[in-house]
Amino acid sequence: MSGHRRVRPGEGRSPFVEMSRAEWAKLRGATPLTLSEADLAELSGVSEEVSLDEVTEVYLPLSRLLNLHVAAAQALFRATDTFLGRVAAKVPYVIGVAGSVAAGKSTTSRVLRALLSRWPDHPRVDLVTTDGFLFPNQVLEERGIMRRKGFPESYDLRRLVRFLSELKSGRERVEAPTYSHMVYDVVPDRVQVVERPDIVIVEGLNVLQSGTPGVDRSARVFVSDFFDFSLYIDAPEADLKHWFVERFHHLRETAFQNPESFFRDLAKLPDDEAERLALGIWRDINGLNLRENIAPTRERARLILEKGPNHRVSRVRLRRL
């Protein structure tokens with residue numbers, strides 16, 4: 001039948017429905033474009049500019065899918081409360097966004113937040129990054145794992161799980177710790193208040209992990225247990241490394257120039273030395289973390305966005321229900 005997408009060889013055995021960018025773009029339906037060029041300029045990342053084409057062809061279909069999921073979840077909550085004979089509680093829909101350093105998680109999360117907040121049924125959308133749940137630098141130094149910042153053992157997972165548990169229990173006000181990339185540390189006594197949200201996007205490297213070596217195995221509850229939907233931003237490692245090095249050089253010319261920056265001394269390095277340093281950081285830290293801890297969680301996501309060399313999404317994989 002012409003109205004149905006052709007099933008690719010072997011696809012029936014896969015837990016995912018795989019679509020090209022063009023196939024995925026058609027699923028936008030009548031979803032209106034609610035972002036302008038000016039909006040996108042504010043939402044774009046350090047080394048990744050989001051075009052209107054990317055929003056129209058990739059993120060609008062995704063916002064439509066998520067809107068349908070949120071509506072279904074809200075109906076299920078109401079049905080359960082009716083069965084229990086109690087007043088319906090407001091429980092936020094939680095979306096997890098995972099992927100490597102430099103994959104574009106933050107940009108994707110900001111664009112999704114902007115799009116989802118424009119739907120009439122869930123206007124209050126909060127974005128929380130797991131950076132705030134890193135142990136403070138002093139703790140990392142004491143444990144000898146400062147160079148493993150971003151690895152599973154560098155996070156206070158108990159605190160993160162407690163935050164998500166309070167969020168999903170319907171508490172009206174929940175607080176998350178905050179992180180400063182300028183000082184490269186958790187900011188004491190500064191919190192992000194999440195108050196009666198409709199949707200919460202939780203973005204981080206390790207949000208889809210479970211039973212990871214080096215992490216307290218006594219915990220029976222994992223971060224991903226609290227997600228209603230999960231998204232993984234995927235790209236070949238060679239591209240991720242290139243994007244990381246590109247971003248590193250850009251930061252040397254901008255944020256690292258700030259006298260208060262933790263990395264201010266790196267701004268003074270000769271270009272060739274800075275290049276070697278960036279490649280070494282990727283080899284010994286970010287690339288290692290990707291291969292050992294992040295990439296193995298990819299297949300646990302509900303949706304995988306696969307990017308090409310230009311940061312554009314080229315293929316989408318949606319898990320079958």
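The values are calculated or read from the model by the stated rules, or taken from the named source; none is laboratory data. Please read these numbers as outputs of a predicted model, since none were measured by experiment. For neighbour counting, all protein chains shown are included, and Cβ atoms are generated from backbone atoms with ideal geometry for every residue, glycine included.
Has region 238-249 got any residue that is surrounded by fewer than 17 Cβ atoms within 10 Å (Cβ to Cβ), over 25 Å from S109 (Cβ atoms) and among the aliphatic types (A, V, I, L, M)?
No, the conditions are met nowhere in region 238-249.
Looking only at region 67-90, filter to residues that are small (G, A, S) and surrounded by 10 or more Cβ atoms within 10 Å (Cβ to Cβ); which one of those is modelled with the lowest pLDDT?
Only one residue tops the list, namely A88.
How about region 87-122: which of its residues are out of contact with any helix residue (DSSP H, G or I) (no Cβ under 9 Å at 6 or more places or on another chain) and over 27 Å from E292 (Cβ atoms)?
S117, P120
Looking at region 199-219, can you tell me whether even one residue there is among the charged types (D, E, K, R) and part of a helix (DSSP H, G or I)?
no
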